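The values are calculated or read from the model by the stated rules, or taken from the named source; none is laboratory data. Keep in mind the model is a prediction, meaning the values are calculated, not measured. Neighbour counts are summed over all protein chains in view; Cβ atoms, including those assigned to glycine, are modelled from backbone coordinates with ideal geometry. In case anyone asks, the SASA skips ligands and DNA or RNA and just uses the protein heavy atoms, side chains included. Shrake-Rupley method; radii C 1.70, N 1.55, O 1.52, S 1.80 Å.
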Amino acid sequence: MSSLPVFDYVNATSPAEAMGQLGAGWSEAALYAGGVDLLDLMKERLYEPKKLVNIKTAPSLKYIKVENGEVRIGPLVTLAEIAAHPELQKSHPALARAAGKAATPQIRNLATIGGNLCQRPRCWYFRSEDFPCMRKGGEKCFAKEGENRYHAIFTEGEPCVIVHPSAAGVALVAFGAQLKIASSSGERTVDIEKFFVRPKDNVRRENVLGPKDLITEIVIPASAAGMASAYIKIREKQSYDWPLADVAVVAKLSGANVEACRIVLGSAAPVPHRATEAEEFLKGKPLNEENAARAGELAVKDASPLEQNAYKVPLFKTVVRRTLLALKETKAS
Amino acid sequence: MTEKTVRVGFSGDSKELKINPPDTSPPAWDLDSKLAVVGTNVPRVDGPDKVTGRAKYTYDINLPGMLYGRILRSPHAAAIVKSVDTAAAMKMPGVKALVFAFDESKIGEKKLRYAGDEILAIAADSPERADDAVRAVKIEYDPQPFVVDLDDAMKADAPIVNDGKSNVRGKNPRGDAAAVDAKLAGSSKKIEATFRTQVQTHSALETHGLVVAPDGDGIKVWASTQGVFSVRDGLSSNLGLKAEQVRVISTFVGGGFGAKFGPGVEGVLCTKLARQANAPVKLMLTRKEEHLAVGNRPNSLQKVKLGADSTGKLTAISATTFGTGGVGGGAGCTIPAIYNLNRDATYKAESDVFTNAGSSAAMRAPGHPQGIFAMEQSMDMLAYELGLDPLEFRMLNDDNPVRRAQFNLGAKEIGWPNRPKVAGGGKADGPLKRGMGVAGTLWYAGGGKDAKADVEIGKGGEVTVYQGAQDIGTGFKTVLAILVAEELGLKPEDITVRAADSRFPYGPGSGGSTTTPTVAPAVHAAAYAAKRKLFEALATTWQVKPDDISAKDGKVFVASDPSKSLPFKKACAALTADKVTGSADREANYDGYRGNTAGCQFAEVEVDTETGVVRVLRVVAVQDAGRIINKLCSESQISGGVIQGLSYALFEDRIMDKSAGKMVNANFMEYKIAGPKDCPEIKSIVLDVANGRNSVGAMGLGEAPVIPTAAAIANAIYNAIGVRIFELPMTPDKIIAALARKEGAKTA
Amino acid sequence: MSDSSDDGARPKSGVSRRGFLKGVGLGSVAIPAAGLLGGSVVLAEEAPPKPSGPKVFTGEIPIKLRINGKDHDLKVEPRTTLLNALRDRLDLTGSKLVCDRGTCGACSVIMDGLLVTSCMVLAIDAQGKEITTIEGLASGDKLDPIQAAFIEFDALQCGFCTPGLIMATKSLLKTNPHPTREEMQDALSGNICRCGTYDHIFAAIEKVAGGARG
């Protein structure tokens, strides 16, 4: 229907070969893995790279390794593979669940974790060529004064009010994951929280990757091993829908008490949103209804919702509380 | 004509009726008829083609040398086309033809009225190249003021969408407002409420489109349409061709729901491209175009007042409604008169409001789901006001014996007594609360007179039915096979069905649930006529009178003489010609049992009071459609209506950005259609009613089951949480806000 | 971090930024091929790929696809999707083009054992993979039991979503021969049926699975 634009196509057999094909600008070449997000953007003619560099032909990028509590995931691993991984299901249920609840069975079979983290926002203004919004180089954020029921509630100082679309990213932030990024100048490791970029820092990109960069590995540190984790997603429609609210919690429990935890809200802000005040509050406290509810309140204390999405504030209170209480049922083994 | 007596009605209410059918009509089937195939479960005849992927829909037609068409549409909600430069586009590789959607001499003054309005179309040798070419056309626009919001469009200073001084076009109100208000004022209980429903797009999975191939001095057309003959007539009149020069085929159609009548602008453009290029052209719309430009169910704003006396009898209703069908009309809400209210107790005023959006088109029971959403919630509100069981209140005000029986059937099936008696008072499972709701409905669809049919019996026993109308997924082709099989004593699989081709006998467009009721009597009569010809041939061989012969269970026989019995195939050898054809016109309807059909639905929902998420657990749908021809497909129509109604109730919404005048969710990701996980347990109950209006007595079924679902769900939500949702779709944001208002009111 | 300056709002050749951003005087159709997100047309003096580098496929290229156990040779551009290759080049039209964005499942095929939406797969990338389409389920006139059950329970109306839903069912039953109702709903949740046949589909699956598990 809406055809793809013309491009050249290259199969890369290694990360190095892939990087050799990338250009200094985004329009030169794009990495092609699952292609779910990329082809969608291209069909809408929002992005017309001259060349696609297929990295699925680079076998060194597809693996899940769990060793001494550390999890290393190659960027070409699909969401379906993460969701179905027996060890991750037990040790890191929030990640397995987030991956398994994303999109549809068909898309989970195609979409890679690397692509999922790099996908562009689902904001309907951004995704339509009809709206020259700020993220596409335009002058305004249409959502701010427009149709914003699914947009961010943490909007203070933000020129654009997207929510970050990656559910797996929400879980990975909760686990304190690190991303290894290769570029022509070598490899660097970036904390996943620093990977995501807020609109106020760069309204054109959602992460720190440059056009010649490639995620080569996702690492969940051994320090997260043995922690309890949970992920809950609320959506309008139960079949294939983007979340209205999703929350991942990773916690170190000591008996009934929370020793430490990370609470991350998805679909709430332009990046996966840490509820640090709620995390602080729970430290050393028993994990019960009352404290979970209080944490929920603290999690949305600084929200400044838009005209149509005030409902998300009470919703997130609920989802944070429920996710915390779900920890009891999903203790890591 | 000879007067005959038939028994009509259903098990709960029947009567004898004198009818005067034409002598050519077969004996009419009535309540006492024992039928072998009609009313049983018959798998659809085109099932094997559909499940194997062999079925060729219009979208699937590939012809040698075929080109692909693509339409260029307005990116603006309102704009003047200042200039068009097609030079670069025409030079693109593979481009073969370009035609304008309007008179080219009007460039400079042509006004585009909505984002999606057609400008021109290009044909190229691949779909990708057609897209490339359309993007290479350079157009200068002079944007004009626009309005896309219903309320904004009603304001005095709103930009004028079409012409005149206002965007509001009121129809003549029915009834006396002052008199009705006086009755309401004198009522012991009354309610007043404002309801809103959203714009819904038809979203048939196969988009609108055609393949047009030059064919001698005419054209051969494959169209994804609900009206084979309306496409033929539309194209022939548009192009100055004779009807015979246009052949339209629609063997398989990927859904319609009311938006696919006539050739459409795309049909005319496709034909012009094919004639310009002198090559076949396939032009199928994109999903986005489908949302923008080829129809929708208008939204509504309905102000309703309803009163009752102290005994629970309705006293009066007043309804003032507005709705926008974009640049078109058709936004009436048709608050249907399903309960007993006199004309002098009824006031209805409907207005269309124009906005800069794609025109509405009839959509599955036009006006009814909107009207019933308001009416049946108002009934519910009044019932609670009166302290009456909502079902009991309906029974007090409904004298239709069919619907009364249906209410009883449905209530039993869903377990109505188990619902919370106080709204919101049910036992809660944590934040999850359950409730039940009911809504009634009616539909018409006794069928019209415009249909013919041929039934052919070959010497080798082959039986073929020819009927030009299309099967848009209802199971119409199977209906044809069943009717012929019944009359000839055969099985449906013994019948070859040739349908959906304008070269076959005339059939109606599939609208208003009229295809089966209109065509069935003609097919029945044609089969009867063909059978009489066979019997006449056999009568000679057997030396009996044709009237002595019967056909049943695959045999043709003389009941009084066991020696005269042959399998159908062998009996056909008695034919002297290679084949005989029975042809028939559709007889006019006579007076029957009832002129309309009744239905009701019960829903059970579970509402998460903290997240606002509504899950529909069960729906019981009871529906009458006159004589049921195929129980299996009838139940499919009903459960399909329920699911589409649920989708309308909870998810679907065409969302327009007011500042840009464009739709933000013209796709299937954000335009949300109920999926498998949203599907409740559905119990479809068809109540067979012999209505005696013609020799078959079938009534339409396509539309009725979609009507009451949203209202039943809304009433169930109220029953579950004690808060009423007045606006569709009933999404979590609205539920959360409504619950918060209730909390606020409690603590205030 | 190598965030390039090419992330943003530089004007594109032939279009003033002003004209583009305001969308006045220019339709969306006039936005040039560089795209909205690609940033500017990069003039960086990058060295051309070394001759020893991987092969660059450009224009019409011959490919081989293995579909329903049979090899097909065809020519496509890199931009041709697997779905378009099936439908427009090979006349295998059972897989349907409906949403074109991987959101409705009507184009579902099984590729190397996995259910995927063929509108979101490039044909060139499907080479060397075992592809099963709806046309590959029946053997001759003998229907797959899923197909037979869909007919028996009238799990189809207009039929346009049916091939995709049958492929999704096939994929489900391969890994989970006795699914619960909820497992069916999850497995089919990437497919949309506009006519509303889901409940009949569940009944058909239960028949094939020999009764539901729970």
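What about residue C:124, is it within 22 Å of residue B:652 (Cα to Cα), within 14 Å of chain A (Cβ to nearest Cβ), among the β-branched types (Val, Ile, Thr) and out of contact with any His (no Cβ under 9 Å at 6 or more places or on another chain)?
no
Given the criteria surrounded by 17 or more Cβ atoms within 10 Å (Cβ to Cβ), assigned to a strand (DSSP E or B), modelled with pLDDT of 95 or more and more than 14 Å from chain C (Cβ to nearest Cβ), does residue B:37 qualify?
Values: surrounded by 17 or more Cβ atoms within 10 Å (Cβ to Cβ): yes; assigned to a strand (DSSP E or B): no; modelled with pLDDT of 95 or more: yes; more than 14 Å from chain C (Cβ to nearest Cβ): yes.
So residue B:37 does not fit the description; no.
Could you list all residues from the stretch B:322-336 that are in contact (Cβ under 8 Å) with a residue 40 or more places away in the chain and crowded, with 24+ Cβ neighbours inside 10 Å?
B:322, B:323, B:324, B:326, B:333, B:335
Working carefully through the options C:100, C:144, find the one that is within 14 Å of chain A (Cβ to nearest Cβ) and among the charged types (D, E, K, R). Steps first, answer last, please.
Details: C:144 fails: within 14 Å of chain A (Cβ to nearest Cβ).
Among C:100, C:144, only C:100 is within 14 Å of chain A (Cβ to nearest Cβ) and among the charged types (D, E, K, R).
Take the conditions open to solvent by 10 Å² or more (accessible area, probe 1.4 Å) and touching a helix residue (DSSP H, G or I) at 6+ places or on another chain (Cβ under 9 Å) and apply them to residue B:658. Does it pass?
Yes: the conditions hold for residue B:658.
Applying the selection to the stretch C:155-184, what residues are open to solvent by less than 20 Å² (accessible area, probe 1.4 Å), more than 20 Å from the chain's Cα centre (by Cα) and at the interface with chain B (Cβ under 10 Å from one of its Cβ atoms)?
Across the stretch C:155-184, the qualifying residues are C:155, C:156, C:157, C:158, C:184.
Looking only at the stretch C:63-77, count every residue that is more than 14 Å from every other protein chain (Cβ to nearest Cβ) and among the hydrophobic types (A, V, I, L, M, F, W, C) and tell me the total.
Result for the stretch C:63-77: 1.
Only one of A:11, A:54 is open to solvent by 10 Å² or more (accessible area, probe 1.4 Å) and either over 30 Å from residue B:71 (Cα atoms) or in contact with a helix residue (DSSP H, G or I) (Cβ under 7 Å, 6 or more places away or on another chain) (or both); which?
A:11
Within the stretch B:221-230, can one find any residue that is outside the structural domain of residue B:668 (by TED's automatic domain parsing) and surrounded by fewer than 24 Cβ atoms within 10 Å (Cβ to Cβ)?
Our first condition is that a residue be outside the structural domain of residue B:668 (by TED's automatic domain parsing); within the stretch B:221-230, this holds for B:221-230.
With the extra rule that they be surrounded by fewer than 24 Cβ atoms within 10 Å (Cβ to Cβ), the set shrinks to B:229-230.
Yes, some residue in the stretch B:221-230 is outside the structural domain of residue B:668 (by TED's automatic domain parsing) and surrounded by fewer than 24 Cβ atoms within 10 Å (Cβ to Cβ).
Of everything in the stretch B:553-579, what is of a type outside the set (Ser, Thr, Tyr) and either outside the structural domain of residue B:492 (by TED's automatic domain parsing) or more than 21 Å from residue B:459 (Cβ to Cβ) (or both)? Give them in sequence order.
Quick first cut of the stretch B:553-579, residues of a type outside the set (Ser, Thr, Tyr) only: B:553-559, B:561-562, B:564, B:566-575, B:577-579.
Residues satisfying the conditions are B:553, B:559, B:561, B:562.
Do we find that residue A:46 is within 25 Å of the chain's Cα centre (by Cα), buried (at least 24 other Cβ atoms within 10 Å of the Cβ) and of a type outside the set (Gly, Ala, Ser) in this structure?
No; evaluated as a whole, the condition is false for this residue.
Only one of A:176, A:210 is in a loop (DSSP other than H, G, I, E, B) and away from chain C (no Cβ under 11 Å); which?
Values: A:210 fails: away from chain C (no Cβ under 11 Å).
Just one listed residue meets the conditions, A:176.
For the stretch A:256-306, which residues satisfy the criterion of being farther than 20 Å from residue A:95 by Cβ, out of contact with any Lys or Arg (no Cβ under 7 Å at 6 or more places or on another chain) and assigned to a strand (DSSP E or B)?
Scanning the stretch A:256-306 gives a single hit, A:286.
Against the condition within 14 Å of chain A (Cβ to nearest Cβ) and either free of Cβ contacts under 8 Å to residues at least 40 places away in the same chain or buried (at least 24 other Cβ atoms within 10 Å of the Cβ) (or both), how does residue B:274 come out, does it pass?
Values: within 14 Å of chain A (Cβ to nearest Cβ): no; either free of Cβ contacts under 8 Å to residues at least 40 places away in the same chain or buried (at least 24 other Cβ atoms within 10 Å of the Cβ) (or both): yes.
No, not satisfied.
Tell me which of these residue B:213 doesn't satisfy, since it passes every other one: (1) without any contact (Cβ under 8 Å) to a residue 24 or more places away in the chain; (2) in contact with a helix residue (DSSP H, G or I) (Cβ under 7 Å, 6 or more places away or on another chain).
(1)
State whether the residues of the stretch C:177-186 include one that is within 30 Å of residue A:55 (Cα to Cα) and in a helix (DSSP H, G or I).
Restricting attention to the stretch C:177-186, the residues satisfying the condition of being within 30 Å of residue A:55 (Cα to Cα) are C:186.
Restricting the remaining residues to those that are in a helix (DSSP H, G or I) gives C:186.
Yes, the stretch C:177-186 contains a residue that is within 30 Å of residue A:55 (Cα to Cα) and in a helix (DSSP H, G or I).
So which of B:522, B:499 ends up being within 30 Å of residue B:367 (Cβ to Cβ) and open to solvent by less than 10 Å² (accessible area, probe 1.4 Å)?
Of the residues listed, the single one that is within 30 Å of residue B:367 (Cβ to Cβ) and open to solvent by less than 10 Å² (accessible area, probe 1.4 Å) is B:522.
Tell me whether the stretch B:613-632 contains one or more residues that are within 28 Å of residue B:151 (Cβ to Cβ) and more than 7 Å from chain A (Cβ to nearest Cβ).
Yes, the conditions are met somewhere in the stretch B:613-632.
Tell me which of these residue C:152 doesn't satisfy, since it passes every other one: (1) more than 7 Å from chain B (Cβ to nearest Cβ); (2) within 30 Å of residue B:645 (Cβ to Cβ); (3) open to solvent by 40 Å² or more (accessible area, probe 1.4 Å); (4) not basic (Lys, Arg).
(1)
Kindly indicate whether any position in the stretch A:110-126 is in contact with a Gly (Cβ under 9 Å, 6 or more places away or on another chain), within 11 Å of chain C (Cβ to nearest Cβ), within 20 Å of residue A:219 (Cα to Cα) and in contact (Cβ under 8 Å) with a residue 12 or more places away in the chain.
yes
Answer yes if at least one residue in the stretch B:580-601 is of a type in the set (Val, Ile, Thr), assigned to a strand (DSSP E or B) and within 34 Å of the chain's Cα centre (by Cα), and no otherwise.
So far as the stretch B:580-601 goes, yes, one or more of its residues are of a type in the set (Val, Ile, Thr), assigned to a strand (DSSP E or B) and within 34 Å of the chain's Cα centre (by Cα).
Kindly establish whether residue A:291 is away from chain B (no Cβ under 11 Å) and farther than 26 Å from residue A:192 by Cα.
Answer is yes for this residue.
Report, by residue number, each residue of the stretch B:485-521 that is in contact with a Ser or Thr (Cβ under 9 Å, 6 or more places away or on another chain) and either over 27 Å from residue C:194 (Cβ atoms) or among the charged types (D, E, K, R) (or both).
B:489, B:495, B:496, B:498, B:501, B:505, B:521
Filter the stretch B:140-159 down to residues that are in contact (Cβ under 8 Å) with a residue 60 or more places away in the chain and of a type in the set (A, V, I, L, M, F, W, C) and give me whichever is surrounded by the fewest Cβ atoms within 10 Å (Cβ to Cβ). Before the answer, list the steps.
Within the stretch B:140-159, the first condition is being in contact (Cβ under 8 Å) with a residue 60 or more places away in the chain, and the residues that meet it are B:141-154, B:159.
If we keep only those that are of a type in the set (A, V, I, L, M, F, W, C) too, we end up with B:146-148, B:150, B:153-154.
Values: B:146: 25, B:147: 26, B:148: 24, B:150: 22, B:153: 23, B:154: 18.
Among them, the one singled out is B:154.
Condition test on residue B:393, is it surrounded by 18 or more Cβ atoms within 10 Å (Cβ to Cβ), in a helix (DSSP H, G or I) and out of contact with any Cys (no Cβ under 6 Å at 6 or more places or on another chain)?
yes
Which ranges mark the helices (runs of 4 or more DSSP H) fully within the stretch A:75-134 that have 2 or more residues being of a type outside the set (A, V, I, L, M, F, W, C) and open to solvent by 10 Å² or more (accessible area, probe 1.4 Å)?
Hits in the stretch A:75-134: A:86-91, A:93-101, A:105-110, A:113-118.
Which pairs have Cβ atoms under 9 Å, sit 6 or more apart or on different chains, and link a residue in the stretch C:106-118 that is more than 9 Å from chain A (Cβ to nearest Cβ) and in contact (Cβ under 8 Å) with a residue 60 or more places away in the chain to one that is open to solvent by less than 10 Å² (accessible area, probe 1.4 Å) and part of a strand (DSSP E or B)?
What qualifies is C:106/C:117; C:110/C:116; C:110/C:131.
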